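Engineer: Once you've had a glance at the structure underneath, I'll fire off some questions.
The values are calculated or read from the model by the stated rules, or taken from the named source; none is laboratory data. The model shown is predicted, which means the values in this text are computed figures rather than measured ones. Don't worry about glycine lacking a Cβ; one is built from the backbone with ideal geometry, like all the others, and counts go over all protein chains shown.
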Amino acid sequence: MKEYAFGIDLGGTTAKVGLFTTAGALLEKWEVPTDTSEKGVRILPNLAAAVLGKMEEKGLTPDQIEGVGIGVPGPVQDSSVVPIVCANLGGWGQQDVAANLSLLLNGMKVLVGNDANVAALGEIWMGAAKGCRSAVMVTLGTGVGGGVIVNGKVIDGAHGAGGEIGHITVNKNETAVCGCGKHGCLEQYSSATGVVRCMKKLLEENPDVPCTLRGTDFAAKDVFDAARAGDALAAKEVDQMTDDLGLALAIIAATADPEVFLVGGGVARAGDVLFQPLTERYKTYAFKSCRETPIKQASLGNDAGIYGAVRLIVGA
Ligand SMILES: [Zn+2]
C-alpha cells in the first residue's frame, strides 16, 4: 500500500476534496466549485487539476499515491467501471467517471461510488459504525439518502438502486407526488423538506390549536426545537415522522439486518427528541431478532463522503 490517497465528494455546487494517509488520517481538505456549465464538461478536469495541484504543492509523486476515490450524486452500477447519469450536475450524461478521471490523472487508479453509499462506507471505516462489518446509513437532508454496507461492501444493486431508502413507500394512500414520481415515499415525510411540508399541513388542518411555529417561516430544526420545548402540534409531527422512519428502518432490517443504523444529515442533529421516539417506533415494527439494533447519529458529518471515497481506494 502506498502512503497517500485522495477522496472526493462531488456535489452539485462544490466538490469536497481530501488528502489522506492510506491509514485513514485526514491531512488536508478543501473545496472546488462544481462548474455545471456546458453540461459539466469541466467538472472532471477541474478535479484532476485540484489533485495534481495539491501533489505539486506537497512535493508528492505518483508512486506515493494509492489512488483517488470519488463519490458522485447519482446511481453507480459497479464500483470500478461506471456509466452514470447525474441529473443535478448540469446534464452530465452517462460517462465512465473512473476511466475518464484516471485518464486526466495520467493513469492513476480511480474508483467511484454513489455519494450516499460512499458516506456510509466512511462511517463504517472511521465514524460511528467503526469496527462494524455491516451498517445502514440514512441521511436526512433536502432529500433522504441511503447507504447499505454488508460484510464491508456497498450494496449498489443490479440497477444502482441499492440504498435508495428515501423511496421506500411508507404511505400507500398519499396523493402528493415525490420527486421520483411515486407517491408516499419516505423522503416525503422524513427529509428536512418533508418535515416542513408535513408540519405546514398539520397547522392547516388544526387552525385552532396554538403552536409557536404558526405564522413563522420555520425550518425542520425549528419543528424539533418546538417539540422539545413542549409544543403539542410540533410533537405530533415528530411522532409521525419518527413512525414513518422507524417503519422504513424495520423494513430494511428484515432484508439487510445491519449491526447498526446510522442517521446523518442536518435533521439528525436534533438529538434525543428524534432518536428516542425513532428507536421506540423502530422496535414496534422490527422483527424480534433485530429489535435491539442500535440507531445512532453518524459522526463524520460532511466529511463522511471524503473518508468513504478513500475507503473505496484502500479496500474493504
Ligand atoms: Zn420517491
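Engineer: Kindly indicate whether residue 162 is within 16 Å of the ligand (Cβ to nearest atom), outside the structural domain of residue 308 (by TED's automatic domain parsing) and farther than 19 Å from residue 272 by Cα.
Structural biologist: Details: within 16 Å of the ligand (Cβ to nearest atom): yes; outside the structural domain of residue 308 (by TED's automatic domain parsing): yes; farther than 19 Å from residue 272 by Cα: yes.
Taking the combined requirement at face value, the residue satisfies it.
Engineer: Are there helices (runs of 4 or more DSSP H) fully within the range 167-280 with at least 3 residues that are buried (at least 16 other Cβ atoms within 10 Å of the Cβ) and within 16 Å of the ligand (Cβ to nearest atom)? List them. It would help to see each step written out before you state the result.
Structural biologist: Working: elements: 187-190, 192-205, 220-228, 232-256.
Helices (runs of 4 or more DSSP H) meeting the threshold: 187-190, 192-205, 232-256.
Engineer: Oh, and also: Can you find a residue in the range 115-124 that is more than 15 Å from the ligand (Cβ to nearest atom), in contact (Cβ under 8 Å) with a residue 12 or more places away in the chain and either of a type in the set (Asp, Glu) or assigned to a strand (DSSP E or B) (or both)? Reasoning before the result, please.
Structural biologist: Restricting attention to the range 115-124, the residues satisfying the condition of being more than 15 Å from the ligand (Cβ to nearest atom) are 115, 117-124.
Applying the additional criterion that residues be in contact (Cβ under 8 Å) with a residue 12 or more places away in the chain yields 115, 117-124.
Still in the running and either of a type in the set (Asp, Glu) or assigned to a strand (DSSP E or B) (or both): 115, 123.
Checked the range 115-124: at least one residue is more than 15 Å from the ligand (Cβ to nearest atom), in contact (Cβ under 8 Å) with a residue 12 or more places away in the chain and either of a type in the set (Asp, Glu) or assigned to a strand (DSSP E or B) (or both).
Engineer: While we're here: Residue 312 fails exactly one of the following numbered conditions: (1) buried (at least 22 other Cβ atoms within 10 Å of the Cβ); (2) hydrophobic (A, V, I, L, M, F, W, C); (3) modelled with pLDDT of 95 or more. What is the number of that condition?
Structural biologist: Here residue 312 meets the rest and fails (3).
Engineer: Just need a number here: residues in the range 131-141 that are under 17 Å from the mean Cα position of the chain (by Cα) and either more than 15 Å from the ligand (Cβ to nearest atom) or assigned to a strand (DSSP E or B) (or both). Steps first, please.
Structural biologist: Start the filter on the range 131-141 by keeping residues that are under 17 Å from the mean Cα position of the chain (by Cα), which leaves 134-141.
Still in the running and either more than 15 Å from the ligand (Cβ to nearest atom) or assigned to a strand (DSSP E or B) (or both): 134-140.
Final tally of qualifying residues: 7.
Engineer: Determine whether the range 287-295 contains at least one residue that is surrounded by fewer than 22 Cβ atoms within 10 Å (Cβ to Cβ), of a type in the set (S, T, N, Q) and under 14 Å from residue 194 (Cβ atoms).
Structural biologist: no
Engineer: Here is a follow-up. Determine, yes or no, whether residue 152 is more than 13 Å from the ligand (Cβ to nearest atom) and either farther than 18 Å from residue 251 by Cα or surrounded by 15 or more Cβ atoms within 10 Å (Cβ to Cβ) (or both).
Structural biologist: yes
Engineer: Return the residues of the range 142-166 that are assigned to a strand (DSSP E or B), aliphatic (A, V, I, L, M) and closer than 20 Å to residue 220 by Cβ; say none if nothing qualifies.
Structural biologist: To start, the set of residues in the range 142-166 that are assigned to a strand (DSSP E or B) comprises 144-150, 153-154.
Right, trim to aliphatic (A, V, I, L, M) and you get 144, 148-150, 154.
Answer for the range 142-166, where residues must be assigned to a strand (DSSP E or B), aliphatic (A, V, I, L, M) and closer than 20 Å to residue 220 by Cβ: just 144.
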